[in-house]
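The values are calculated or read from the model by the stated rules, or taken from the named source; none is laboratory data. What you see is a predicted model; the values in this text were computed from it and never measured. We place every Cβ from the backbone using ideal geometry, glycine too, and count neighbours over all the protein chains shown. Note: accessible area is taken over every heavy atom of the protein model, side chains too, but ligands, DNA and RNA are not part of it. Shrake-Rupley method; radii C 1.70, N 1.55, O 1.52, S 1.80 Å.
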Amino acid sequence: RGSSSPLVYQVRNVPTGAAQLPLQPSAPLPVSTVEAGELPNFREAAIKSTPTVVHITNIQNPSYSRTSSSGIFDLFDFFNDDFYGGSQQDLATGSGVIVSRDGYIVTNWHVVENAKDLRITLYDKREYTARLVGKDEPTDLAVLKIDARNLQATTFGNSNDVQVGDWVLAVGNP
């Protein structure tokens, strides 16, 4: 390739009824032609990966204060659930991926930070309580553990087998 110009793919033999977008480049661009059947199909990857992705609910202790950012007492905040005897909690959600059949899950640290209670919902809707077993704040990674067995764990690839510009699929929940 060696050119600094963007590469444009022209797709031929697109099935009837497929969405067509009119592309009007401002200047001619190099074109690489591929057959429609050669485009990546993510169906198999999605079928394999989706059951290994979990939804994480992080119930946190309240992080609010009784004063506004200006330092003045916030009257509206005074009349929250605490005023009426309830409790207010912060809630964060995110995704994680099952990395072992015995319940280890990798997620981002910012998803589970300040957790009071971590709840995991699997693809099949089973729910578990998780505990934090490892974290690395500088890389934003965390490892959780649920008490479960025979889970479907993700399959890892080899990063040496991919290059910049290769197709990728990201799966999350939510």
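Pop a pseudo-label 7 angstrom from the Cα along the beta-carbon direction at both residue 61 and residue 164 and give the gap in nm to one decimal.
Each label point lies 7 Å from its Cα, and together they span 4.5 nm.
Keeping every protein chain in place, order 109, 167 by accessible area at 1.4 Å, biggest value first, i.e. largest first.
Largest accessible area first, the residues go 167, 109.
Per residue, what accessible area does segment 116-174 have, given a 1.4 Å probe and all protein chains present, in Å²?
I get 79 Å² per residue for segment 116-174.
Once fully extended, how much extra length lies between residue 91 and residue 44, figured as 0.36 nm per residue of separation less the alpha-carbon to alpha-carbon distance?
That works out to 13.6 nm of additional length.
With every protein chain left in place, what is the accessible area of residue 104 in Å² (1.4 Å probe, nearest 10)?
Approximately 80 Å² for this residue.
Lysines near residue 48 by alpha-carbon distance under 20 Å, same-chain residues fewer than 8 away left out - which ones?
Answer for residue 48, where 20 Å is the Cα cut-off: 125, listed by chain and number.
Setting aside same-chain residues fewer than 8 positions from residue 135, which lysines have a Cα under 23 Å from its Cα?
Excluding near neighbours in sequence, the set is 116, 145.
Which value in nm describes the separation of the simple spin-label points at residue 121 and residue 133, placed 7 Å from the Cα toward the beta carbon?
In this crude spin-label approximation the distance works out to 2.4 nm.
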